[in-house]
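Peer 1: Take this structure first; my questions come after.
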C-alpha cells in the first residue's frame, strides 16, 4: 500500500445529515449560504438531493450536497460553491471524489459538476494579482478525474468565477466603515441620507415590491428576472437567514429639509445685501478690504443666488414627484443571505428615475453596519466579470463595487466528473465537451461530430 493509499484508507466517504452539513459549513472558510440545508431544500425543487461527506473516524473533514437534474444527456449532478474541503490535500480530494462518484452511481447519473468556493487567486482593486495561483488544487482535481471548464471571464449562468469582497474584520463602527470607502462613496451616502431615503426590511407579503424593482433592472439590462413564487420560497426556506431590504423615499421629510435650507440661504443673502449696502455708502477709499469689500460681497451674493435657484428647482421637482407618486416610493431593493462567515447580496433592483439619490450606496452601507453589529466579517458583493478594462460594458458594475473598498476573489470555476461512461458514450459528448464546449447539440448530431473528430 502506498503512502497515498494509506492516507485514503483512513478517510471514509459517507452519507451525512443536513444538520452535519450546516455545522460544517458554518465552521469552514469556504462555507456559504450556497452549501446549507436551506439551499439544498431550494435545489430539491429541481431534482433529488443527496448529502455526502468524508470522515476521518468520527470527524467530518469534507462535505456538500449535490442536486441531480435531468438534461438531454441524462441525469447530471451539481455542487454549487462546493464541495467544502481542503483541495490542496490529495487524499481529501480523492476521498471526496469517491463520495460524489458513489452518490452519482446510486442515482444513475452520468456526471457530477462542481464549482468550488476555494480561492484560486486574489486580486486588488485594480484587478492585479496579489497572490500566487493555487496550482496544487488544480493538479489534484485533474489527477482524480475532474475535467476543468477553463479560466473564464464574464458573468456565468450558474456560479460566478469572480467575486468582489469587502473585509470588515478590522472595522468596528460607522465612522471606521465610512473612512474605508472612497470619498465619492461617502458623498453618495450623505446625499441619500439627506434626501430622506430610509432602509427597512420587507415582510413576506411585500415581496412583490422587490420583484417589481428587480424587473425594472432586468428590463434595463436585458435579462429575465425570477418570479414572485421563487422569492417566496426563498423567504419561507431561509427564514431569519435571509433579508429582503428596500430603500424608500420620504420626500415629505425631504421637502422640510429643503425648505429649511432655502430659508437659511435666503436669510444669508439678505444679510449679504445689507452688508453690501453699508459698504457702498462708505466714502470712497475708506471701504474695508477682504470680506467686507463690495466686490467680494457681490460674488457671495451671486453664489447665494445660484444656491437659492438650485434649491427652488429641487423643491419643484420633489413636489412634482409627490404629486404623481406620493411621498413614500420604493426605489431600491436587495436580498441578503446571512451565514456565519459572510453576508451575500445575491441580487438587487432599482428604479433608475432615482439613481441620483444613490439608494444603492445606502442599502449596502446599512447592510454592512448590520454585519458589524452581528460580528460578520465579510460582505460579499458576489459576481463581477473579471474584466478590468474601462472600455468594457461591465466596468460600471466593477467601479461601483470598488468604491466601497475591498478585494477580488478569483475562484477556479467549473469542474466536471464523468461517472457513467456507458451512458455518456451514447453521444460520446462527455469526453469532448471540455474541448468543444460551445458546440453542444442533440445527441445524434453530437455522436456524428464526435466520430468525425476522432477519426481524423
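Peer 1: Of the numbered conditions (1) buried (at least 17 other Cβ atoms within 10 Å of the Cβ); (2) in the same structural domain as residue 176 (by TED's automatic domain parsing); (3) more than 14 Å from the chain's Cα centre (by Cα), residue 388 fails exactly one; give the number of that condition.
Peer 2: Every condition holds for residue 388 apart from (2).
Peer 1: Shifting gears a bit: Of all residues in the range 81-101, count the ones that are farther than 22 Å from residue 27 by Cβ and touching a strand residue (DSSP E or B) at 6+ places or on another chain (Cβ under 6 Å).
Peer 2: The qualifying residues number 1.
Peer 1: While we're here: Does residue 182 satisfy being in the same structural domain as residue 335 (by TED's automatic domain parsing) and either at negative phi or free of Cβ contacts under 8 Å to residues at least 24 places away in the same chain (or both)?
Peer 2: yes
Quick grid of which residues meet (1) over 20 Å from the mean Cα position of the chain (by Cα); (2) farther than 18 Å from residue 361 by Cβ:
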| residue | (1), (2) |
| --- | --- |
| 174 | yes, no |
| 198 | yes, no |
| 204 | yes, yes |
| 219 | no, yes |
| 231 | no, yes |
| 242 | no, yes |
| 247 | no, no |
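Peer 1: Which residues, counting only those in the range 126-151, are more than 24 Å from residue 79 (Cβ to Cβ) and buried (at least 18 other Cβ atoms within 10 Å of the Cβ)?
Peer 2: Residues satisfying the conditions do not exist here.
Peer 1: Of all the residues that make up the range 249-282, how many are under 30 Å from residue 206 (Cβ atoms) and in a helix (DSSP H, G or I)?
Peer 2: Adding up the residues that qualify gives 8.
Peer 1: Which of the following residues is over 30 Å from residue 169 (Cβ atoms), at pLDDT 95 or above and not in a helix (DSSP H, G or I): 335, 246, 328?
Peer 2: Step by step, each of 335, 246, 328 is checked, and only 328 is over 30 Å from residue 169 (Cβ atoms), at pLDDT 95 or above and not in a helix (DSSP H, G or I).
Peer 1: Quick one: residue 397 ticks every box in (1) without any contact (Cβ under 8 Å) to a residue 40 or more places away in the chain; (2) surrounded by fewer than 15 Cβ atoms within 10 Å (Cβ to Cβ) except a single one, so which number is it?
Peer 2: Of everything listed in (1) without any contact (Cβ under 8 Å) to a residue 40 or more places away in the chain; (2) surrounded by fewer than 15 Cβ atoms within 10 Å (Cβ to Cβ), residue 397 misses just condition (2).
Peer 1: Mind counting the residues in the range 338-356 that are in contact with a strand residue (DSSP E or B) (Cβ under 7 Å, 6 or more places away or on another chain) and assigned to a helix (DSSP H, G or I)?
Peer 2: 1
Peer 1: Turning to a different aspect of this structure: Only one of 415, 404 is in the same structural domain as residue 97 (by TED's automatic domain parsing) and farther than 18 Å from residue 242 by Cβ; which?
Peer 2: Going through 415, 404 in turn, the sole match is 415.
Peer 1: May I ask you to list the residues in the range 404-414 that are within 17 Å of residue 178 (Cα to Cα) and buried (at least 17 other Cβ atoms within 10 Å of the Cβ)?
Peer 2: 404, 406
Peer 1: Does residue 127 qualify as being at pLDDT below 95 and farther than 28 Å from residue 331 by Cα?
Peer 2: Considered against the rule, which asks whether it is at pLDDT below 95 and farther than 28 Å from residue 331 by Cα, residue 127 comes out as yes.
Peer 1: Any residue at all in the range 124-132 that is over 30 Å from residue 223 (Cβ atoms), in a loop (DSSP other than H, G, I, E, B) and in contact (Cβ under 8 Å) with a residue 40 or more places away in the chain?
Peer 2: yes
Peer 1: Could you check, for the range 247-268, whether at least one of its residues is within 19 Å of residue 355 (Cβ to Cβ) and surrounded by fewer than 17 Cβ atoms within 10 Å (Cβ to Cβ)?
Peer 2: yes
Peer 1: Here is a follow-up. Of all residues in the range 67-76 being touching a residue at least 40 places away in the same chain (Cβ under 8 Å) and within 13 Å of residue 104 (Cα to Cα), which is surrounded by the most Cβ atoms within 10 Å (Cβ to Cβ)?
Peer 2: Only one residue fits best here, namely 68.
Peer 1: Can you confirm whether residue 240 is in the same structural domain as residue 368 (by TED's automatic domain parsing), farther than 23 Å from residue 212 by Cβ, at pLDDT 95 or above and assigned to a helix (DSSP H, G or I)?
Peer 2: Considered against the rule, which asks whether it is in the same structural domain as residue 368 (by TED's automatic domain parsing), farther than 23 Å from residue 212 by Cβ, at pLDDT 95 or above and assigned to a helix (DSSP H, G or I), residue 240 comes out as yes.
The values are calculated or read from the model by the stated rules, or taken from the named source; none is laboratory data. Being a predicted model, the structure only gives us computed values, none of them experimental. Note that each Cβ is placed from the backbone with ideal geometry, even for glycine, and that neighbours are counted across all protein chains shown.
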